[in-house]
Amino acid sequence: MTRILIAEDEPRIASFIEKGLQSNGFITEVVFEAQQVLERALSNEFDLLLLDLGLPFKDGLTILEELRGQGATLSIIILTARDNIKDKITGLEGGADDYMTKPFRFEELLARIRLRLKNHHQTALPSVETILSSGNIKLDLKSHQVYLDDVVVELSTTEFTLLEILMSHPRQVMTRQQLLDHVWGYNYDPGSNIVDVYIGYLRKKLGKDLIDTVRGVGYRWSA
């Protein structure tokens, strides 16, 4: 199993990332301080490190330099609110494999993680089906197309992502908050009715009986 170390001192963001990664088959561990990052990242127990630059007691770029200086070979993705080009260049030249700025979409982070792990050939990734099928619905992850009775249905990127989450968890109730986290990201207003709106879009395009409403909780793929 692939193990990912999350170095993030903001509990809400750390929890959001950890839950998303665990639901995609990764083993995770969260650390909050620089010394913890150094000790755990050098333990050879992890395949990838998500590194926030604003950790207590020591700047993340310094941590990166120390890790690479001590021979750490795991993939490192910097995940930070700093969006200036100087920090980005310093991070990438200092040994980071990628650099993402907050706020971010979880799907993009997941794609970048999988790419870095694949490039490093460190361990097999959790298996990912290319096509999800349910009744007369087929969702092709590779071509990013959805078929209803073998006819292509045009979906927006957000509609596609929402459908993928629901079809990936058949007959499992997904709460509105879970759907917000996975599709719209941690920074979206939890009081918004955006989930209900997009569920309505999917029902209109694919059929009203495919998605059950679980009153007071969320939605469930029932096809």
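The values are calculated or read from the model by the stated rules, or taken from the named source; none is laboratory data. Nothing here was measured: the structure is a model prediction, and the numbers come from that model. Counting neighbours? That spans all protein chains shown, and the Cβs are built from the backbone with ideal geometry, glycine included. Only protein heavy atoms, including side chains, enter the accessible area calculation; ligands, DNA and RNA are left aside. Shrake-Rupley method; radii C 1.70, N 1.55, O 1.52, S 1.80 Å.
What the table shows:
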{"quantity": "Within the accessible area of segment 131-221 (1.4 Å probe), percent carbon and sulfur", "calculated": "47"}
{"quantity": "Additional length obtainable on full extension of the chain from Arg171 to Ile89, 0.36 nm per residue less Cα span", "calculated": "25.0 nm"}
{"quantity": "Leading residue at positive end of dipole, segment 3-118 (Cβ point charges), from Leu109, Thr80, Ile63", "calculated": "Leu109"}
{"quantity": "Charge context of Gly95, other residues only, Cβ under 9 angstrom, K/R +1, D/E -1", "calculated": "-2"}
{"quantity": "All lysines inside 27 Å of Lys205 as judged from Cα atoms, apart from same-chain residues fewer than 8 positions distant", "calculated": "Lys138, Lys142"}
{"quantity": "Extended-chain gain in nm, criterion 0.36 nm per residue less alpha-carbon gap, Lys142 and Thr157", "calculated": "4.1 nm"}
{"quantity": "Candidate residues Ser75, Ser222: accessible-area rank, largest first, probe 1.4 Å", "calculated": "Ser222, Ser75"}
{"quantity": "For segment 131-221, size of Cβ-based charge dipole, Lys and Arg +1, Asp and Glu -1, in debye", "calculated": "240"}
{"quantity": "Part-to-part distance (alpha-carbon centres) for segment 144-165 and segment 1-79, which is given in Å", "calculated": "34"}
{"quantity": "Cα-centre dipole for the chain with unit charges at Cβ (Lys and Arg positive, Asp and Glu negative), debye to 20", "calculated": "580"}
{"quantity": "Residue-level accessible surface for Tyr147, protein heavy atoms, 1.4 Å, Å²", "calculated": "60"}
{"quantity": "Segment Ser192-Glu10, length gained on full extension (0.36 nm per residue, minus Cα span)", "calculated": "63.2 nm"}
{"quantity": "Residue-count net charge about Ile199 - beta-carbon cut-off 15 Å; Lys, Arg +1, Asp, Glu -1", "calculated": "+2"}
{"quantity": "Reported label for calculated mean projected area of the Cα convex hull in nm² given (1) 12.9; (2) 13.5; (3) 10.6", "calculated": "(1)"}
{"quantity": "Percent RCO, i.e. relative contact order, over segment 3-118, from Cα pairs under 8 Å lying at least 6 residues apart", "calculated": "24"}
{"quantity": "Accessible surface, the chain, averaged per residue in Å² (probe 1.4 Å)", "calculated": "51"}
{"quantity": "Relative contact order [Cα under 8 Å, 6+ residues apart], the chain, whole percent", "calculated": "15"}
{"quantity": "Debye, to nearest 20: dipole size of segment 3-118, +1 on Lys, Arg Cβ, -1 on Asp, Glu Cβ", "calculated": "360"}
